[in-house]
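Enquirer: Sharing a structure with you now.
The values are calculated or read from the model by the stated rules, or taken from the named source; none is laboratory data. Keep in mind that this is a model prediction, so the values were computed, not measured. Note: ideal-geometry Cβ built from the backbone for every residue, glycine included; neighbour counts use all protein chains shown.
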Amino acid sequence: MPPKHKKGGRDSVSVDIFSNLPSDVTDAILMCLPLRDIVRTSILSKRWRYKWCKLPELTLNLNHLETNDLIPPTLQFTNIMYHLLTLHVGPIIKYTLSINIFLETCPVIDNLIFFLSRNGIQHLVLQLPSNGKLLSLVFKCLQLRHLVIKYCLIVSPPAFEEFGRLISLELSEVTISSKLVERLVSNCSILQILVLKLWTLTNVVEIKAPMLRSFYFIGSIQYICFKNVPLLANASLIDNESSEKSRKCDITNFFKSFVVLENLKLNEASLKLFAAAAGGVPTRLPFDLKFVKSLRISSVALDQHDEILQSPVLVRMLIKPYIDDYDHSSLYESLTKTYSYLVVVKAFRLTSPNAEVAFDIEYDSDYDDL
């Protein structure tokens, strides 16, 4: 026989602490949970039964689905979407869908995108399987402010209107043509943040974005060409091309549009490409970045490079040497190359006396933000 609840004391008080919180506080807490856990709160009490139905931000993570489940993944997804489409009321400002397997013949996905487009969606995150194709209905969500697409195949729709409200766009590890990337970017007239993590580019992408302020790229830099980025202030250019084949990069024109650049991040592969384009390792790169205040160089062997960006307003330079985290001897060697560090510091002091030069010897990832 279960014990009777006491009418007083700490236990009785703690029962309603969460339920009696202001609705905006409980909503904020719920929006941090996956959709499955949010819906489960409906069994707590009558007060909680429909609380989830009015949340403006939802995250659905279906990466746990398996093709050998007793209930087919398509049916599981359909059941979840049925509850969402029939019970949710009010606008959905942000929606995140993450799924790891391809759902064949699943029209409910079309219904979901259509439902979101009719309910004020502004921030859409789609993490789809690599063998899946992005639905063309996404290109009709013209009220979007933020769009993130990962892993899937993106095929150009017959026609789509301008994303006149989109301010941030991320394309991460998707399969997409260079022409479609250009088309997407140019159709976002007020785009301010662009993130491209593209490994499969084979043709040059021209970036025309007059309002762009931040650009983050991981891929083969030789396929990026800036045509109109007059407001670009932050750039992270991480080259991950592993091929030893000869590559071309017009370094002078590459940085020609960077008229107000303040923060720049490069890795060793980027430096090698630019140095080769300049005809060798220069003491001064052949472009003028007079407004650069912060330079970050990651995964670089300092004893092999003497490139110094001469910016008179430089206030901070962060150098992250390449260190194999499985090889402690590499760490020791990096720590003992004090002379190379001093040469770089001295050269920077002569160029920009107020510059702060920092060396970070911890393991670095090129995927870090600028």
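Enquirer: Please find, within segment 150-166, the residue that is modelled with the lowest pLDDT out of those that are of a type in the set (D, E, K, R) and part of a loop (DSSP other than H, G, I, E, B).
Expert: The first filter runs over segment 150-166 and keeps only residues of a type in the set (D, E, K, R), leaving 150, 161-162, 165.
Filter once more, keeping what is part of a loop (DSSP other than H, G, I, E, B): 161-162, 165.
Values: E161: 83, E162: 88, R165: 97.
If we take residues in segment 150-166 being of a type in the set (D, E, K, R) and part of a loop (DSSP other than H, G, I, E, B), then E161 is modelled with the lowest pLDDT.
Enquirer: Just a yes or no: is a residue in segment 207-221 over 29 Å from L135 (Cβ atoms), outside any loop (DSSP other than H, G, I, E, B) and not small (G, A, S)?
Expert: Looking through segment 207-221, at least one residue is over 29 Å from L135 (Cβ atoms), outside any loop (DSSP other than H, G, I, E, B) and not small (G, A, S).
Enquirer: Shifting gears a bit: Which number in (1) hydrophobic (A, V, I, L, M, F, W, C); (2) surrounded by 13 or more Cβ atoms within 10 Å (Cβ to Cβ); (3) modelled with pLDDT under 75 marks the one condition that F77 misses?
Expert: (3)
Enquirer: Next up: Could you tell me which numbered condition L147 fails, if it satisfies all but one of (1) more than 30 Å from F274 (Cα to Cα); (2) touching a Leu at 6+ places or on another chain (Cβ under 7 Å); (3) assigned to a loop (DSSP other than H, G, I, E, B)?
Expert: Status for L147: all satisfied but (3).
Enquirer: Looking at (1) more than 25 Å from L33 (Cβ to Cβ); (2) of a type outside the set (S, T, N, Q); (3) surrounded by fewer than 16 Cβ atoms within 10 Å (Cβ to Cβ); (4) modelled with pLDDT under 90, find the lone condition where L134 falls short.
Expert: L134 satisfies every listed condition except (3).
Enquirer: Take segment 172-215 and flag every residue that is β-branched (V, I, T), over 22 Å from I121 (Cβ atoms) and either crowded, with 17+ Cβ neighbours inside 10 Å or within 19 Å of the chain's Cα centre (by Cα) (or both). If you could, list the steps in order and put the result at the bottom.
Expert: Restricting attention to segment 172-215, the residues satisfying the condition of being β-branched (V, I, T) are 174-176, 181, 185, 190, 193, 195, 200, 202, 204-205, 207.
Then drop every residue that is not over 22 Å from I121 (Cβ atoms), which leaves 175, 181, 200, 202, 204-205, 207.
T175, V181, T200, V205, I207, listed by residue number.
Enquirer: Please tell me if L169 is within 16 Å of L60 (Cα to Cα), at pLDDT 90 or above and crowded, with 17+ Cβ neighbours inside 10 Å.
Expert: Values: within 16 Å of L60 (Cα to Cα): no; at pLDDT 90 or above: yes; crowded, with 17+ Cβ neighbours inside 10 Å: yes.
Here the answer is no, as L169 does not meet what is asked.
Enquirer: E241 versus (1) surrounded by fewer than 19 Cβ atoms within 10 Å (Cβ to Cβ); (2) of a type outside the set (V, I, T); (3) in a helix (DSSP H, G or I): which is the lone unmet condition?
Expert: Tallying (1) surrounded by fewer than 19 Cβ atoms within 10 Å (Cβ to Cβ); (2) of a type outside the set (V, I, T); (3) in a helix (DSSP H, G or I), E241 fails exactly one: (3).
Enquirer: Another question about this same structure. May I ask you to say which residue of K150, K208 is more than 18 Å from A235 (Cα to Cα) and not aliphatic (A, V, I, L, M)?
Expert: Values: K208 fails: more than 18 Å from A235 (Cα to Cα).
From the options K150, K208, the qualifying one is K150.
Enquirer: OK, next. When the residues of segment 216-238 are narrowed to those that are touching a residue at least 24 places away in the same chain (Cβ under 8 Å) and within 16 Å of the chain's Cα centre (by Cα), which ends up surrounded by the fewest Cβ atoms within 10 Å (Cβ to Cβ)?
Expert: Checked segment 216-238; the qualifying residue surrounded by the fewest Cβ atoms within 10 Å (Cβ to Cβ) is N234.
Enquirer: While we're here: Checking L180 against (1) in contact with a Cys (Cβ under 6 Å, 6 or more places away or on another chain); (2) not in a loop (DSSP other than H, G, I, E, B): exactly one of these is not met. Which one?
Expert: (1)
Enquirer: In segment 113-131, which residue that is surrounded by fewer than 19 Cβ atoms within 10 Å (Cβ to Cβ) and either farther than 19 Å from I101 by Cβ or over 19 Å from the mean Cα position of the chain (by Cα) (or both) is modelled with the highest pLDDT?
Expert: The qualifying residue modelled with the highest pLDDT is H123.
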